[in-house]
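Trainee: Provided herewith is a single structure, encoded as structure tokens, for subsequent inquiry.
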Amino acid sequence: MALEREVAAISSQFAVSDAELLAIAKEYIRLAELGLGTDSMPMTMIPSFVTDVPNGSERGTFLAVDLGGTNFRVCSVTLLGNGEYKLEQKSTAVSKNLMTGSSKDLFSFLAKQVETFMKLHLNDHFNEESSTNGEHILKLGFTFSFPVNQTAVNRGTLIRWTKGFDVVDAIGQDVCLLLQKELDALKLGVHVAALVNDTVGTLMSRAYASSSEALTKVGLIVGTGTNGAYVEDLAKVTKLDLSSAAFSNKHLMIVNTEWGAFDNALRVLPVTQYDRLVDGITPNPGFQMFEKRVSGMFLGEIVRQILLDLCTRKVLFAGPSAELTTEWQLDTSFLSEVENDESEDFDGICKLVEKSLALHTSHAERCAIKKIVEAVGKRSAYLAGAIIAGTLQHIGACSNRSSVDLGVDGSVYAHYPNYSKLLKESIKIILGDDEARVIIGRAEDGSGVGAALCALVA
Ligand code: GLC
């Protein structure tokens, strides 16, 4: 009984009311407008310098690399037109040492992965005389999913790291130049043509491949981190010098919002004691406050903090295990696996808790874990839905009865059951019947195809 009561109390702390969702969407619009006018806002609203959205007819072969989470991916992408493409790829884990070491070590490791990939998949190019002479002939789109101060399509200095990276000497440096230097040192004949946030790539690849009639206006990620990009009216990006020749005849700009940093001041976001505990053990306390409630890197840790608290209060588990007291022990796959177990005796949850926390559970304990996971997951989807709705309101996407298309990617969205249903529920609370005109679909390979498309338009 005590356990049931405690779980109900915790779940209610994670419930987000309609009024709170509306307030979040409203605050989002306020902060987005501020960010379009100045660089000094935490929610940075970064112009991507991509001023065209693809229509599916684009063609060509490009390299794409992706650094944004725990893996580094190299791909060669051939755009075939008709929204079709061919892609070859190789992923390599980025070790904790590289994530927190020197920029030289990190970027030379990245260049080395490009070399290995090219030797394997692009041997012809690799052996060409012109490439070994150091001439840049293959264009590369660099998906770099961290906040940068972007000043051109292939120029951007790192503002700060997120998602557990902490390569201090890279801050303030141009990440394209860091990569180009290491590629040149290996004489690869590759030109870093575009710096791409994963959300911008997601938007581009969805626009390229989507068969929907509606125009794609938003790309978003709910994975290790969370963020969104959208198609903005260029005239509204007032922090840019819009009289510059670079913008003549241009009308739109894809903006990377960096909404992970939405409401760092916690004016409208919900705060529980568990959010505070999680924030306190991150390398960037007080920052990325929206991301810390929504994205995969943090959801597992929020759940672990709750379970540990219930254990300490002697209402859950016979006692703690070393695993339960280990920070970051649970990742998002724990949540999706718990949610996926619909069996009567929660056999899956039983095995999972034994495997990841080395703890035995009773049936009542498994029910409790399931309720907690549902509450944390639902809050994530509802908060993400509110920000999406705010973005759509900001650009008037549903005015004139028009439909709008959104591309989504990321492990939470892809693997968490019901996530897309919950997102839509939350959007409906804010947009009402207009929600029916919001089309949300998976964007495949934003960081590969999307980055290639950015390299093409560059
Ligand atoms: C973090 C990064 C952002 C990225 C997002 C999703 O929020 O700061 O640039 O888009 O994660 O990967």
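Readers should treat all values here as calculations from the given coordinates under stated rules, not as data from a laboratory. Predicted, not measured: the structure shown is a model, and the values here were computed from it. Every residue, glycine as well, gets a Cβ built from its backbone with ideal geometry; the counts of neighbours run over all protein chains shown.
Trainee: Give me the distance between the Cα centres of region 324-380 and region 429-448, rounded to whole Å.
Mentor: 29 Å
Trainee: Still on this structure, I have one more. Starting from 0.36 nm per residue, how many nanometres of slack lie between residue 1 and residue 157 once their C-alpha separation is accounted for?
Mentor: 50.7 nm
Trainee: I've got another one for you. For region 333-374, what ratio Rg/Rh do Cα atoms give with a Kirkwood hydrodynamic radius? Write down the numbers at each step before the final one.
Mentor: Details: Rg = 8.8 Å, Rh = 9.9 Å.
Rg divided by Rh gives 0.89.
Trainee: Here is a further query. Using the Cα centre of region 153-223 as the reference point, and only Cβ charges (+1 on K/R, -1 on D/E), how large is the resulting charge dipole? Debye, rounded to the nearest 20.
Mentor: The dipole magnitude comes to about 120 debye.
Trainee: Tell me the mean residue ellipticity at 222 nm calculated for the chain from its helices only (DSSP H runs of n ≥ 4, each -39500 (n - 2.57), averaged over every residue, nearest 500). Kindly include the intermediate steps, with their values, before the conclusion.
Mentor: Numbers: 17 runs with 194 residues, N = 458.
The helix contribution divided over the chain gives -13000 deg cm²/dmol.
Trainee: Lys/Arg Cβ at +1, Asp/Glu Cβ at -1, dipole of the chain taken about the Cα centre: which of 395, 214, 333 is farthest positive-ward?
Mentor: Farthest along the dipole direction, towards plus: 395.
Trainee: Give, rounded to the nearest 20 debye, the magnitude of the charge dipole that the chain has about its Cα centre when Lys and Arg contribute +1 at Cβ and Asp and Glu contribute -1 at Cβ.
Mentor: 460 debye
Trainee: How much of the calculated P(r) for region 182-222 lies past 14 Å, in percent of all Cα pairs? Write out the running numbers ahead of the final one.
Mentor: Numbers: 485 of 820 pairs.
The answer is 59 percent, as a whole percent.
Trainee: Give or take rounding to whole Å, what are the principal axis extents of the alpha carbon atoms in region 129-248, in descending order?
Mentor: Here the Cα extents, ordered largest to smallest, are 45, 34, 34 Å.
Trainee: Then there's this: Counting pairs of Cα atoms in region 284-326, how many percent are more than 17 Å apart?
Mentor: It works out to 40 percent of all Cα pairs.
Trainee: Compactness ratio of region 374-446: Cα Rg over 2.2 N^0.38 Å, N = residue count?
Mentor: Against the empirical 2.2 N^0.38 Å value, I get 1.07 for region 374-446.
Trainee: What's the magnitude of the charge dipole for region 1-80 around its Cα centre, counting Lys and Arg as +1 and Asp and Glu as -1 at the beta-carbon? Answer in Debye, nearest 20. Before the final figure, lay out each step's value.
Mentor: On the way: 5 positive and 10 negative charges, 44 e Å.
That gives a dipole near 220 debye.
Trainee: What span do the alpha-carbon atoms of the chain cover on each of the three principal axes, reported in whole Å from largest to smallest?
Mentor: The Cα atoms of the chain stretch 73, 50, 39 Å along the principal axes, largest first.
Trainee: Just to confirm the number: angle between the C-alpha axis of helix 347-357 and the first principal axis of the chain, 0 to 90 degrees, nearest 10?
Mentor: Once rounded, the angle reads 70 degrees.
Trainee: What does the net charge come to around residue 402 if you take all other residues with beta carbon closer than 11 Å to its beta carbon, with K and R at +1 and D and E at -1?
Mentor: 0
Trainee: Can you give the direction-averaged projected area of the convex hull of the alpha-carbon atoms in region 202-248, in nm²?
Mentor: Taking the Cα atoms of region 202-248, their convex hull projects to 4.9 nm² on average.
Trainee: Could you work out the Kirkwood radius for region 9-57, taking every pair of different alpha carbons, averaging 1/r and inverting it, reported in Å? List each step's numbers first, then the result.
Mentor: Numbers: mean 1/r = 0.0719 Å⁻¹.
13.9 Å is the Kirkwood radius here.
Trainee: For Cα pairs less than 8 Å apart in space and 6+ apart in sequence, what is the mean separation divided by the residue count of region 16-109, i.e. the relative contact order in percent?
Mentor: 16 percent
Trainee: A follow-up question, please. Could you give the length gained by full extension between residue 437 and residue 95, i.e. 0.36 nm per residue of separation minus their alpha carbon distance, to one decimal place?
Mentor: Going from the current span to full extension adds 118.8 nm.
Trainee: Which residues in region 186-218 have a backbone N closer than 11 Å to a point placed 7 Å from the Cα of residue 402 along the Cα-to-Cβ line?
Mentor: Of the residues in region 186-218, 214-217 have backbone N under 11 Å from the label point off residue 402.
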